[in-house]
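Note sheet for the following structure.
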């Protein structure tokens, strides 16, 4: 994966940046095409952590949202949702 941008709200600890980069960055092996860009946004609302992630592939954008009680839970949930989307795309012809 060429580039991962992680945005953190003020209430999110800085360590979340590395965890999100590692977890979302590992999704490229499931992608049917090269991942050009990944973006992760982590915010919080009282005690709930919100994760929004996007992968830009050559011909499609994949997005997922998840909420969790902890930063790691939210990141893991959004990663799993994206992984399922990428796996379901296997065998789908790329648009030129």
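Structure notes:
- Filter pass, residue 82 being in contact (Cβ under 8 Å) with a residue 24 or more places away in the chain, surrounded by 13 or more Cβ atoms within 10 Å (Cβ to Cβ), farther than 19 Å from residue 10 by Cα and within 13 Å of the chain's Cα centre (by Cα): yes
- Residues that are in contact with a strand residue (DSSP E or B) (Cβ under 7 Å, 6 or more places away or on another chain) and within 18 Å of residue 22 (Cα to Cα), drawn from region 74-91: 74, 75, 77, 78, 81, 82, 86
- Candidate set: region 1-48, residues that are over 14 Å from the mean Cα position of the chain (by Cα) and assigned to a strand (DSSP E or B); chosen: the one surrounded by the fewest Cβ atoms within 10 Å (Cβ to Cβ): 45
Just so you know, all these numbers are worked out from the coordinates, no wet-lab data involved. The structure displayed is predicted, hence computed values, not measured ones. For neighbour counting, all protein chains shown are included, and Cβ atoms are generated from backbone atoms with ideal geometry for every residue, glycine included.
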